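Please treat every number below as a calculation from the coordinates, not as lab data. The structure displayed is predicted, hence computed values, not measured ones. Heads up, the Cβs are rebuilt from the backbone with ideal geometry, glycines too, and the neighbour counts pull from every protein chain shown.
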């Protein structure tokens, strides 16, 4: 029963994330990839994603703090972040990345900074949700293991 | 950077100012010579004074000439008359002389005595008007004196009435006119003048005149005329001696010149004006006056002399005329000149005044212009300052926010968390405000540029809605978007700014609305086509009546049933719009052609809410920055009121205009138009894939029934489902839906066999028989062995109890929460359909199983520098049974792919640092071709064909535009899959290469 409740909670959480546009269809597919053979797949990918994203955000912070921004560097980092976020289905983060790429294409530092903040915002938001999700997930997994 | 910017701003400002000053240099002539103006005036006055003097002089001179002419003519006239009369008199005296000689001397005895003479002369006096009288004096020699005295009986007397002294000869008067009888017996030789006269007369034989003298008996000036009378006939050319010898006597007459002239002048006109003097000028040094006073006043400046010839060549006379008065000042000339001067003076002054005025006005104008330039510069500076400062503020603010976010992630007590969260919320609000100020400043400084990129309007609207979904859900608001079918899928414009406008308007609406709905509607602005009322009527099919019945109270045909400010948005017109579009779509071929032709499309966007509305007094300053409806608004709802002004600016930048209709306590409807570019058809398909949010195509062709009592809301739902490619029917309530299902199921199943039934929560709850009918529906479906359509509940907010109830009634677990978004609806539907599992024939399960068989046991290399992507791709491929290895860069991949290797396929990311996918592929192909050549050389053909090295390489790319695809093929790749993986896509790509192998394997 507890598992069912947790699963509902999990589903609702994912649903709200969908509703808010934080996630898109890709996340569904990601979830589909997780099965008994690969029970921690989503967890694993999310962790990877978070680490990667944090690294990139750190880099972006560093680059944006320079007097003369190297827009091509910026672009390559954002491209990475965009790639990983679209892989994971983080829709809004992806949009934010697109914004930043456009800004950096235009060599507009102001807009870059603006877009970067929105990226950071989206990421923080996403991470909070992901953490909750992972906690629920882990509890489900541990309960299932116990049952077995 | 900021400093640099500032400098460039400064530069631009000064340039601008200079430019404006430059234009100011366009002085007029007057302005250029302003210092000369008083001098001009003075010069003018002087010239005019000179001119008027000249005019006066000219006129005066004319006058004088005329006066002189008049004088001379008058004078000559007088002289002539005098002369004529004089000569007449002289002639007569001459005649008398002949008379005397004839009758006195030639007759013997004399026929004339004193009496006869007196009478004759008296009777012929009228012939000699100038003579006071005539007398005849006989020449008496001294020798004859006694004889003479005896004969006559009197002695000869001198002029002084004394007996005459002894002289050579005498000239005693013997005959005299009565008027001069007193001179009888007087010796004319005794008077000096007379004697001289007599001597001259007898010598010449002509009439001679004396110089003027006072006449005897009267005190008038006069002259005496003397004529000689000869005794015998003179020889033809007599000498003087002969003449003297022949002389018998002398006839004399006295001219009383004074009275004579007086009489004469009296007869003439202009007598009064003219002053006449007659002079004897025989002695040129001493003029003797004959008439007139010597020292009379009169105009001494002007006189005229006329010669007088009285017939005595020895005597010379002349007449001098003068005007009595001095020449009168010529008033005409004076006034003319004066008036001329005055007029010129006035004209000059008027011109001067005008010039001064012009100078003053121009000075003012330039002053104003300068002030304006300065004000504009100040305004620009202000905006720049704002922009700079906002930007500078944002940097630390973001630091603060970031730190707060990090702080919130740490372990905090609830109080601390509360504080930190409050700080974060405040910070966010501040950032938003600063951003808005920055935007506004940017717009004002003219620095905001719109980009023109293709974008999907619908997905942007969905995104905006998702932003407000939570808020609206908390407030229980219906939030919906509807985009008309005619709006092109992709348009060219600035998605960011469009999003900002919509966000602003919707944000406002959400803020000020407590109940009801917020409805965003987009359609193509065009001249509305007239549609028959009948057609509109038929569209309503009684649905609205029913809705009114249900609520029992006032019910409006809007999204939520609340009244909206702008009636135009009500269902009636909305329906008209929708049907009109449907009608037009029938004949759409031409339409689309026409649409393609036009380069741009004007969209009409309206955001309707049922909020508190805008007070009437505040409606005209809604778009003014920092003006909220009233101060209480900001107290109640917060905000600065800058949003709408930015929105207005943005809309105007986008070539549209914004307006609103608002009724207090009813709601507001903001509408704006924007102009977007159309995409060319060719480029559209490419761009669509890359930029648009991809909606899953799995629902294409599914049939759905939407059960909703509110037509507007149903239309919105239909719109979203249509975007997913579904066929949608609308039913007003569950009953109709049920019957529709049943009917279709039993009789003409081909028409509509709903896969999904979407029921609006209100409709479900409002019908008391809903549960029943649903059950009925279930039974019927089961009984007829038709598959059960998925029942999905649509709700704005739902309680757990309601959810349970819904589940009990047979609804799917997943409730679609509003606001609807196509992607979200898709996700939910997918969830429902998957859990239902009752649907065979869907591509996905099929695809995955096939994919599994295709990929099972294959060794696949995934090359991607992005760890996450790598992991996901690996996960996806592993799921289908492939053995996956990963490489993080092109170099690593090359290393792994050194021949010989055992990989069956390679998925290659394109964009990688150091060595990108293209390069890596090129190198791999190079290695392969080398190996192949070697092999061919070694083993001839035979087995070579099949074992020829050719590793299928598939590009993984996020942007699937044609150029990229061509590039992929060019460098030797075999295909591409879009990133992130979609099974269908993956299947299609992989199937090409593995089709033959699995068959042979299995």
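What distance in nm separates the simple spin-label points at residue B:599 and residue B:169, each placed 7 Å from Cα in the Cβ direction?
The two pseudo-label positions are separated by 14.0 nm.
How compact is the range B:45-94 by the rule of thumb for globular proteins, expressed as Cα Rg over 2.2 N^0.38 Å?
Output field value: 2.21.
Just to verify a number: FRET efficiency for residue A:37 and residue A:7, C-beta to C-beta distance, R0 = 25 Å, to 0.05? Walk me through the intermediate numbers first.
Values: r = 19 Å, r/R0 = 0.78.
For residue A:37 and residue A:7, the calculated efficiency is 0.80.
In whole percent, what relative contact order does chain A give with Cα contacts below 8 Å and a gap of six or more residues?
Reported relative contact order: 30 percent.
Taking 0.36 nm per residue of sequence separation and subtracting the Cα-Cα distance, how much length would be gained by fully extending the chain between residue B:802 and residue B:62, in nm to one decimal?
Stretched out fully, the residue B:802 to residue B:62 stretch lengthens by 254.0 nm.
Report the calculated FRET efficiency for residue B:618 and residue B:524 (r = Cβ-Cβ distance, R0 = 30 Å), to the nearest 0.05.
On the way: r = 32 Å, r/R0 = 1.06.
That pair, residue B:618 with residue B:524, gives E of 0.40.
Beta carbons within 10 angstrom, averaged per residue: use that to sort the peptides B:855-862, A:87-94, B:234-241, B:35-42, highest first.
Packing proxy ranking, top to bottom: A:87-94, B:855-862, B:35-42, B:234-241.
According to a simple spin-label model (label point 7 Å from Cα along Cα-to-Cβ), what is the distance in nm between residue B:267 and residue B:33?
Those two pseudo-labels are separated by 6.9 nm.
Residue by residue through A:16-24, how many Cβ atoms from other chains fall within 10 Å of the Cβ on average?
The shielding value for this peptide is 6.
Using 0.36 nm per residue, how much length does the chain from residue B:932 to residue B:103 gain when fully extended, once their Cα-Cα distance is taken away? Can you show the working numbers first?
Values: separation 829, 0.36 × 829 = 298.44 nm, distance 18.92 nm.
Extra length from residue B:932 to residue B:103 when fully extended: 279.5 nm.
Can you give the mean number of other chain Cβ atoms that lie within 10 Å of the Cβ atoms in peptide A:44-52?
Neighbouring Cβ atoms belonging to other protein chains average 4 per residue here.
How many partner chain Cβ atoms sit within 10 Å of a residue's Cβ in peptide A:87-96, on average, as a whole number?
4
Rounded to the nearest 0.05, what FRET efficiency do residue B:700 and residue B:408 have when you use their Cβ-Cβ distance and R0 = 35 Å?
Taking R0 as 35 Å, the efficiency between residue B:700 and residue B:408 is 0.20.
So if each residue of separation counts as 0.36 nm, and I subtract the Cα-Cα distance between residue B:432 and residue B:359, what length gain in nm does that give?
The residue B:432-residue B:359 span can extend by a further 21.1 nm.
Relative contact order for the range B:206-363 using alpha-carbon pairs under 8 Å, separation at least 6, rounded to a whole percent?
Relative contact order comes out at 19 percent.
Sorted by mean Cβ packing within 10 Å, highest first, what order do the peptides B:127-133, B:360-366, B:818-824, B:483-489 take?
Order by mean packing, descending: B:818-824, B:127-133, B:483-489, B:360-366.
If we sort B:644-653, B:165-174, B:500-509, B:220-229 on the protection proxy, mean other Cβ atoms within 10 Å, highest first, what's the order?
Ranking the peptides B:644-653, B:165-174, B:500-509, B:220-229 by packing returns B:220-229, B:500-509, B:644-653, B:165-174.
Once you place label points 7 Å from the Cα toward the Cβ at residue B:421 and residue B:346, how far apart are they in nm?
Result for the modelled spin labels: 9.0 nm.
Go ahead and estimate [θ] at 222 nm for chain A from helices alone: -39,500 (n - 2.57) per DSSP H run with n ≥ 4, summed, over the residue count, rounded to 500. Intermediate values should be presented prior to the final figure.
Details: 6 runs with 124 residues, N = 148.
After summing the helix terms and dividing by the residues of chain A, the value is -29000 deg cm²/dmol.
Output the relative contact order of the range B:55-168, whole-number percent, from Cα pairs under 8 angstrom with separation of 6+ residues.
In percent, rounded to a whole number, it is 19.
Rounded, prolate or oblate: pick one for the range B:183-342, where a ≥ b ≥ c are the square roots of the eigenvalues of its C-alpha gyration tensor, a/c under 1.5 means rounded, and failing that, prolate if a/b is larger than b/c, else oblate.
prolate
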